[in-house]
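Report on the following structure.
The values are calculated or read from the model by the stated rules, or taken from the named source; none is laboratory data. Predicted model only: the values in this text are computed from it and were never measured. As a convention, Cβ positions derive from the backbone with ideal geometry for all residues, glycine included, and neighbour counts pool all protein chains shown. Ligands, DNA and RNA are stripped out before the accessible areas are found, and what is left, the full protein with its side chains, is counted by its heavy atoms. Shrake-Rupley method; radii C 1.70, N 1.55, O 1.52, S 1.80 Å.
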Amino acid sequence: MHIQMKFQRYELKYLLSPEQKAAVCQAMAPHMAPDSFGRGTIRNIYFDKDTFRLIRRSMEKPIYKEKLRLRSYTRAQPDTPVFVELKKKYRSVVYKRRLSLPEQQTMDLLCGNGGALPSDSQIAREIDYFRAYYAPLHPAVFLSYEREAWYCLDRGDFRVTFDESILWRQQQLSLQTEVCGEPLLKCGTTLMEIKTSGGIPLWMTRVLTLQHIFQTSFSKYGSAYEQLQTQHLQGGIFYA
């Protein structure tokens with residue numbers, strides 16, 4: 001199975017009630033199907049500076065922003081292939097570059113002496129430059145969620161994902177752990193993402209309009225940081 005390592009697309013986000021999700025799924029049924037991975041748990045570790053410089057900058061909504069994370073689509077073992085992902089956004093277009101490496105080797109590199117990634121590729125050089133520019137970086141937040149991913153039956157690049165049970169924590173920052181943490185969404189709320197390099201199909205535009213579903217700027221890592229700030233303010237600590 002081909003695994004995509006480069007992405008360039010728009011990623012549009014919407015928060016849905018159970019009724020709105022049901023209506024969207026009904027509208028999708030003739031045009032889309034679940035991808036081969038089905039519903040699964042995604043684990044992420046976001047890397048940042050001690051001051052949370054990267055996420056604070058991102059939340060200022062600049063025309064250009066970037067972040068680094070480690071991702072796994074299953075509970076990892078030391079030799080499980082995981083993804084090192086460099087995600088950039090410029091003028092609303094998302095650019096993602098990623099490499100696949102064994103989990104233990106990747107964590108040793110990213111959390112250790114800052115050695116270069118063991119890959120002679122443009123993607124590896126971009127990630128290494130990012131790490132050197134923002135050094136030192138460290139694991140900042142563990143973020144997990146249950147995802148359903150759908151692809152377009154006409155084989156276009158239009159995709160839809162539904163994320164639920166979005167949890168975050170600052171402890172046990174390892175992809176080898178079980179998922180647990182603080183919820184980011186109210187019970188029953190789903191985060192839908194539309195991913196496309198072009199436009200939105202008319203049938204999707206129609207159901208969004210009929211169901212009064214509006215685009216939002218929701219950020220998982222940003223929302224986790226906001227909750228973290230609230231906790232720290234209550235404890236008399238503030239990251240500035």
For Met32, distant residues with modelled amide H under 5 Å away: Leu153
For Cys25, solvent-accessible area (1.4 Å; no DNA, RNA or ligand), Å²: 30 Å²
What ³J(HN,Hα) values, in whole Hz, does the Karplus curve 6.51 cos²θ - 1.76 cosθ + 1.60 give for the range 176-185 when θ = phi - 60°, with x put for Gly and Pro? 8, 9, 6, 7, 5, x, 8, x, 9, 10
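Before anything else, pin down the relative contact order of the chain: Cα pairs under 8 Å, at least 6 apart, normalised by residue count, whole percent.
Once divided by the residue count of the chain, the mean separation gives 29 percent.
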Label of the coordinate-derived value, mean projected area of the Cα convex hull in nm², listed as (i) 14.4; (ii) 18.3; (iii) 13.6: (iii)
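Please label the shape of the range 63-106 as rounded, prolate or oblate, based on the square roots a ≥ b ≥ c of the eigenvalues of the alpha-carbon gyration tensor (a/c under 1.5 means rounded; beyond that, a/b larger than b/c means prolate, else oblate). Walk me through the numbers before you get to the answer.
Numbers: a/c = 3.72, a/b = 3.15, b/c = 1.18.
Prolate is the answer for the range 63-106, as a/c is 1.5 or above and a/b outweighs b/c.
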At 0.36 nm per residue, minus the direct Cα-Cα distance, what do Glu60 and Lys87 gain on full extension? Give it in nm, one decimal, please. 8.1 nm
Starting from the Cα of Trp203, step 7 Å toward the Cβ, then list every residue of the range 1-42 with an amide N under 19 Å from that point. 20-36
Shape of the range 83-214, Cα gyration tensor, a/c cut at 1.5: oblate
Report the residues of the range 148-180 in range of a label on Ala33: point 7 Å along Cα→C-beta, backbone N strictly under 17 Å from it. 149-160
The range 57-80 and the range 164-212 have their Cα centres apart by a whole-number Å value of 15 Å
The chain: angle of helix 18-28 to the longest principal axis, Cα-based, in degrees nearest 10: 70 degrees
I'd like the Karplus ³J(HN,Hα) series for the range 33-49: coefficients 6.51, -1.76, 1.60, θ = phi - 60°, whole numbers in Hz, and an x wherever there's a Gly or Pro. 8, x, 6, 5, 7, x, 8, x, 9, 9, 10, 9, 10, 8, 9, 7, 8
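Are there trypsin sites (Lys or Arg not before Pro) in the range 105-166 that DSSP puts in a loop and that have at most 16 other Cβ atoms within 10 Å, and which ones? Let's see the in-between values first.
Working: sites: Arg125, Arg131, Arg147, Arg155, Arg159; in loops: Arg155.
In loop regions of the range 105-166 (DSSP not H, G, I, E or B), the sparsely surrounded trypsin sites (Lys or Arg not before Pro) are Arg155.
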Under the classification rounded if a/c is under 1.5, otherwise prolate if a/b is larger than b/c and oblate if not, where does the range 1-94 fall, given a ≥ b ≥ c as square roots of the Cα gyration tensor eigenvalues? oblate
If ligands, DNA and RNA are left out, what is the accessible area of Thr189 with a 1.4 Å probe, given in Å² to the nearest 10? 40 Å²
Out of residues 5 or more away from Ser197 or on other chains, whose amide H comes under 5 Å of its own, with H placed 1.01 Å from N in the peptide plane? Tyr10
Candidates Ile213, Ile63, Ile42: whichever shows maximal mean-square fluctuation once the chain is modelled as a Gaussian network with Cα springs under 10 Å: Ile63
Only sites in a loop by DSSP and with at most 15 other Cβ atoms within 10 Å count here; which chymotrypsin sites (Phe, Trp or Tyr not before Pro) in the range 76-185 make the cut? none
Phi-based couplings in Hz for the range 81-94 (Karplus 6.51, -1.76, 1.60; Gly and Pro marked x): x, 10, 10, 8, 10, 9, 10, 10, 9, 9, 6, 6, 9, 9
